[in-house]
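The values are calculated or read from the model by the stated rules, or taken from the named source; none is laboratory data. Bear in mind the structure is a predicted one, so any value in this text is a computation, not a measurement. Virtual Cβ from ideal backbone geometry, glycine too; neighbours counted across all protein chains shown. What goes into the accessible areas is simple: the full protein's heavy atoms, side chains included, and nothing from ligands, DNA or RNA. Shrake-Rupley method; radii C 1.70, N 1.55, O 1.52, S 1.80 Å.
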Amino acid sequence: MELFKTIEVNLGALYDKVFEKAYGLSCLQSLSITYIPPTKRHLSISRLVKTLIDAKAVPEGLGPEIITLIKYRNALVHTNDVDPSQHMVRNAQIVNEEIKRLLEEY
């Protein structure tokens, strides 16, 4: 579960970097837009991923992988229908490394 939390945190950090780079805090202030830090943001991970794909910050091919992991995590937490899988853990590690790489690019 810690790995899924790390993915969510890294996605939030990427979202913040993309948002800040695209608009800049001075632009946000001039438009009277209040920046909402990640801890107070109520944006679902799925929506966040879609926004990052639309902004071309996340490759389209990575989006479905992230969404699949989110659904898998939700199923693990909220149902008894899914068992932990080493394959999914490995996929989560790969996706997390890719998100970290994207973070470093911004």
Item to complete: Looking only at region 15-31, decide whether some residue is at pLDDT below 80, open to solvent by less than 40 Å² (accessible area, probe 1.4 Å), not small (G, A, S) and not in a loop (DSSP other than H, G, I, E, B).
Response: yes
Worksheet, complete the sentence: The number of residues in region 54-64 that are buried (at least 18 other Cβ atoms within 10 Å of the Cβ) and either modelled with pLDDT of 90 or more or in a helix (DSSP H, G or I) (or both) is 1
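Which ones in region 72-88 are part of a helix (DSSP H, G or I), of a type outside the set (S, T, N, Q) and loosely packed, with under 12 Cβ neighbours inside 10 Å?
V77, H78, H87, listed by residue number.
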Worksheet item: Can you tell which of I45, I7 is at pLDDT 90 or above and either among the acidic types (D, E) or under 13 Å from the mean Cα position of the chain (by Cα) (or both)?
Response: I7
